[in-house]
Amino acid sequence: MSFKAPDSLSEQIAQHLGQLIITGKLKPGDRIQELRVANELNVSRGSVREAYLILARRYLIDIVPRKGAVVSEMTPKHVRDVYEMNILLIGQLCRRATQNWKEGELEPFLELLQLMEGYVASGKVMEFYDATFNFARMAYQFVDNPYLEDMLEDLQPAVRRTYYFAINLNQAEIDTSMLFFRELMACILSRDVDGAERKLIQFGEHQCDTVLKRLQSSEAASA
């Protein structure tokens, strides 16, 4: 039997602020005022400060002396670094899952894949977006490595931020993502370890290139 304690208050605050950053409601360079957050959420400033430390560890904010918490920039280097690490970590997760699954253990993945198909068909972007990360989380069971899980969880918000930036309101990217998950699942089912890892690398590199192009376009439009 496993027991998972409820998220702490500081974790809940970090998740709330993190979602605002991921979806672009808080933009790069925006200052997040401690007192204002504490008043809006009716929490202590100490809890907000603890949440800032969580967000900094997840690469969503920078804590700047005499300025406080500032939403981190999404620079080309930041994007490349995030995807480089994510490909490495998810690649390990993918390899273990493809090697280690047993009879019946892939049924939840196939059910989730069907749900994702429905989200794409009905234009439910956020539901599809969330499901793609649930797909990876469900694979933790095949690794049984808490260190890998912790690294993936800390990196995930930065990945979510760039991924949202890439697919938001872009049907072509959503279709590309759905195709990737279909092909990845086929490789896992056939225990094609090299094929699964190759698909993952190709998709990660494609996502990275897409984000970099959108960044470049955004910078050109604001110049």
Whether any residue in the range 181-190 is over 23 Å from VAL120 (Cα atoms) and surrounded by fewer than 18 Cβ atoms within 10 Å (Cβ to Cβ) is what I want to check. yes
Among the residues of the range 163-203, which ones are in contact (Cβ under 8 Å) with a residue 40 or more places away in the chain, aliphatic (A, V, I, L, M) and assigned to a helix (DSSP H, G or I)? ALA166, ILE167, ILE174, MET178, LEU184, MET185, ILE188, LEU189, VAL193, ALA196, LEU200, ILE201
Residue pairs, Cβ under 8 Å, 6 or more apart or interchain, first in the range 39-59 and of a type outside the set (Lys, Arg), second open to solvent by less than 20 Å² (accessible area, probe 1.4 Å) and part of a loop (DSSP other than H, G, I, E, B). List them. TYR59/SER72
What number of residues within the range 99-112 satisfy the criterion of being under 21 Å from the mean Cα position of the chain (by Cα) and surrounded by 16 or more Cβ atoms within 10 Å (Cβ to Cβ)? 2
Only one of (1) among the hydrophobic types (A, V, I, L, M, F, W, C); (2) farther than 26 Å from GLN12 by Cβ; (3) open to solvent by less than 40 Å² (accessible area, probe 1.4 Å); (4) within 18 Å of the chain's Cα centre (by Cα) fails for LEU88. Which number is that? (3)
Restricted to the range 195-223, and to residues that are open to solvent by 80 Å² or more (accessible area, probe 1.4 Å) and of a type in the set (Lys, Arg), which residue is modelled with the highest pLDDT? ARG198
Looking at GLU105, GLU111, GLU127, GLU149, which one is over 21 Å from GLU205 (Cβ atoms) and not in a helix (DSSP H, G or I)? GLU105
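To keep it simple, each residue is scored yes or no on (1) part of a helix (DSSP H, G or I); (2) touching a residue at least 12 places away in the same chain (Cβ under 8 Å); (3) in contact with a helix residue (DSSP H, G or I) (Cβ under 6 Å, 6 or more places away or on another chain); (4) not hydroxyl-bearing (Ser, Thr, Tyr).
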{"position": "GLU117", "(1), (2), (3), (4)": "yes, yes, no, yes"}
{"position": "ARG137", "(1), (2), (3), (4)": "yes, no, no, yes"}
{"position": "ASP144", "(1), (2), (3), (4)": "no, no, no, yes"}
{"position": "ARG161", "(1), (2), (3), (4)": "yes, yes, yes, yes"}
{"position": "GLN207", "(1), (2), (3), (4)": "yes, yes, yes, yes"}
Of residues in the range 135-172 being among the charged types (D, E, K, R) and either buried (at least 18 other Cβ atoms within 10 Å of the Cβ) or within 12 Å of the chain's Cα centre (by Cα) (or both), the one nearest to VAL71 (Cα to Cα): ARG161
Search the range 70-85 for residues being open to solvent by less than 30 Å² (accessible area, probe 1.4 Å) and out of contact with any strand residue (DSSP E or B) (no Cβ under 9 Å at 6 or more places or on another chain), and hand back the single one that is modelled with the lowest pLDDT. MET74
Which of the numbered conditions does VAL70 fail, given that it passes all the others? Conditions: (1) more than 17 Å from GLU153 (Cα to Cα); (2) touching a helix residue (DSSP H, G or I) at 6+ places or on another chain (Cβ under 6 Å). (2)
Between a first residue in the range 14-30 that is in contact (Cβ under 8 Å) with a residue 12 or more places away in the chain and part of a helix (DSSP H, G or I) and a second residue that is small (Gly, Ala, Ser) and open to solvent by less than 70 Å² (accessible area, probe 1.4 Å), which pairs have beta carbons less than 8 Å apart while being 6 or more apart in sequence or on different chains? ALA14/ALA51; LEU17/ALA51
Mind telling me which of the residues ARG96, ARG66 ends up being of a type outside the set (Ser, Thr, Tyr), part of a helix (DSSP H, G or I) and either open to solvent by 30 Å² or more (accessible area, probe 1.4 Å) or at pLDDT 95 or above (or both)? ARG96
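The values are calculated or read from the model by the stated rules, or taken from the named source; none is laboratory data. Only a predicted model underlies this, so the values are computations on that prediction, with no experimental measurement involved. All Cβ positions, even for glycine, are placed from backbone atoms using ideal geometry, and neighbour counts span all protein chains on display. The area values use the complete protein model at the heavy-atom level, side chains included, leaving out ligands, DNA and RNA. Shrake-Rupley method; radii C 1.70, N 1.55, O 1.52, S 1.80 Å.
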